[in-house]
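Read the structure below first, then the notes.
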Amino acid sequence: MKMMGYIYDILNVILPFSWVDYKFMKNALLAIIIIAPLMGILGTMAVNNKMAFFSDALGHSALTGVALGVLLGIENEIISLIAFGVLMALIITRVKNKGNASSDTVISVFSSTAIALGLLVLSYGGGFSKYSAYLVGDILSVTPGEILCLSAVLIGVLVLWSFIYNKLLLISINRELAASRGVKTVLYENIFVIAVAVVVMFSIKSVGILLINSLLILPAAAARNVAKNSRSYLYTSVVISLFCGITGLITSFYINTSAGATIVMALGVVFFVTYIFKKK
Amino acid sequence: MSSQNGCGLCKISIKDIGVKKGKDVLLSSVSFDLFCGQLTALIGVNGAGKTTLLKSILNEIKHDGTVSFHTHHGEKIENITIGYVPQHLDFDRSAPVSVEDFMLIGRTNSPVCFKKDKKQLKAIDEALEMVGCLELKNKTLGVLSGGEIQRVMLASALYPLPELLILDEPVSGVDMKGSEKFYEVIKNLKTNYHIAIAMVSHDLGIVKEYADNVILINKSVLKSGSAEEVFSSKEFKESFLYGLE
């Protein structure tokens, strides 16, 4: 990985601080610089569509994804993670659009069943502890290979966004209106939930099941307090996400706390600050 | 003034429309024609099937019968552009979407969160100007009044310029001034652009003033004709004034 060497050198030069001396901190910083905008971008639409609970369930289903991988003997767990995540996302969306039961009930049923199934399989024979890393995540152990994967996902999402953003926004304003304008609502909704599932699954090892949803929802929720149009909404969300991601990571290094938790704390603080200054 | 619009459409024939929901018959054998350059008002009591009829014309629900489009010479046209302004836009008022964003997303695929299409920006200025909403361009949708939202919806439904415009109680619950402004725009569209307009309305005063044709329905067509004809008919009195005399 020659390229990583160059990037490390650049980081050493532009960031002459003690925490940058550690390779794992450099990797973590790079991962954050990619995960944060990813979450900031997708979060805007997830919040628009009131999908906070949905993405939470999706995060929980990661455990089942890992479990399935173990059962089927799949070496690379990301494959089973994504396969199950996408399946789960599509099923929840379908049931939600079809059924008469309120969507939070439907999602809750799926969410709890998925997490129980995952725990059941992984705890079989008492070996759960080696999977507990998935619960809280560990951004400090992110590898250059994973960083590369995440960059590819970020580029993919940006490309996708430039094709479907307007349609998604119209659907989020009013489904019937979008349909009357000839927008294939189900198709676009499915594309979006698949994108969320892929991003969540690629980030879950670094961020953890318990915190992933906060990373997706909080930046957008905070941006919503201050943004007046789509552009400022997106940029504010990405900036808040990056700012809190980086400050959270550095702070966690100095006060010796969990990186993920510290980042989410920072996001929480920013949310409340923007809430106070909410335009009325 | 030209007597034809863009595609030469002249008449929209609605024939034998029937809609069932389970065992209930919502509409049965509804037939009438809509003409370009005319406003046809659909009136009827609550639950008469007015909105269902509009949705059938929009092809949004399953229905029997046909909706066909014809030119002056009686030739059939396969597809026409239909603009639709719903009764009430139910949306999240806290969503950070500006009027400009809303207008743009209906017209272009270039994402409003990244870069905005300059040509389209100019076009939406004109569209908003037409409905008297230009000064609202940078406001968030959520802060607009009911009448303002309806006019913005109308502006957005006018691209691409429709041959048929469908309005479902476009200004119910809107103040007098807002309602007047709205109908002046409609009148202008009808006469200057030769658009066919179908409108559901409860406001008989508005219907009397602006409609060229009135169709009274209750599951099927009870009476059609000019406002005077329909309002003075026996069927009208039975529908609206039953029990008052």
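The values are calculated or read from the model by the stated rules, or taken from the named source; none is laboratory data. Small disclaimer: the values here were computed from a predicted structure and weren't measured. We place every Cβ from the backbone using ideal geometry, glycine too, and count neighbours over all the protein chains shown. Note: areas computed on protein heavy atoms with side chains; ligands, DNA, RNA excluded. Shrake-Rupley method; radii C 1.70, N 1.55, O 1.52, S 1.80 Å.
Note on the stretch A:114-170: residues that are of a type in the set (A, V, I, L, M) and touching a Lys or Arg at 6+ places or on another chain (Cβ under 8 Å) total 3. Residues of the stretch B:53-81 that are touching a Leu at 6+ places or on another chain (Cβ under 8 Å) and either away from chain A (no Cβ under 14 Å) or open to solvent by 70 Å² or more (accessible area, probe 1.4 Å) (or both): B:L53, B:H63, B:F69, B:H70, B:T71, B:I77. The residues of the stretch A:125-161 that are open to solvent by less than 20 Å² (accessible area, probe 1.4 Å) and within 14 Å of chain B (Cβ to nearest Cβ), listed by number, are A:V157, A:W161.
From the list A:I204, A:I164, A:I171, which residue is within 14 Å of chain B (Cβ to nearest Cβ), surrounded by 23 or more Cβ atoms within 10 Å (Cβ to Cβ) and touching a residue at least 12 places away in the same chain (Cβ under 8 Å)? When all the criteria are applied, what remains is A:I171.
Here's the yes/no breakdown for (1) open to solvent by less than 10 Å² (accessible area, probe 1.4 Å); (2) under 16 Å from the mean Cα position of the chain (by Cα):
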{"residue": "A:G5", "(1), (2)": "no, no"}
{"residue": "A:S18", "(1), (2)": "no, no"}
{"residue": "A:D21", "(1), (2)": "no, no"}
{"residue": "A:I34", "(1), (2)": "no, yes"}
{"residue": "A:A46", "(1), (2)": "yes, yes"}
{"residue": "A:L58", "(1), (2)": "yes, yes"}
{"residue": "A:T64", "(1), (2)": "yes, no"}
{"residue": "A:L71", "(1), (2)": "no, no"}
{"residue": "A:I78", "(1), (2)": "no, yes"}
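If you take the residues of the stretch B:208-217 that are touching a residue at least 40 places away in the same chain (Cβ under 8 Å) and in contact with a helix residue (DSSP H, G or I) (Cβ under 6 Å, 6 or more places away or on another chain), which of them is farthest from B:T51 (Cα to Cα)? Ranking the candidates gives B:Y210 first. Considering every residue within the stretch B:92-107, establish whether at least one is more than 8 Å from chain A (Cβ to nearest Cβ), more than 23 Å from A:W161 (Cβ to Cβ) and under 23 Å from the mean Cα position of the chain (by Cα). The answer is no, given that none of the residues of the stretch B:92-107 is more than 8 Å from chain A (Cβ to nearest Cβ), more than 23 Å from A:W161 (Cβ to Cβ) and under 23 Å from the mean Cα position of the chain (by Cα).
Where residues in the stretch A:174-201 are without any contact (Cβ under 8 Å) to a residue 24 or more places away in the chain and open to solvent by less than 10 Å² (accessible area, probe 1.4 Å), which of them is nearest to the other protein chains (Cβ to nearest Cβ)? Of everything passing the filter in the stretch A:174-201, A:L177 is nearest to the other protein chains (Cβ to nearest Cβ).
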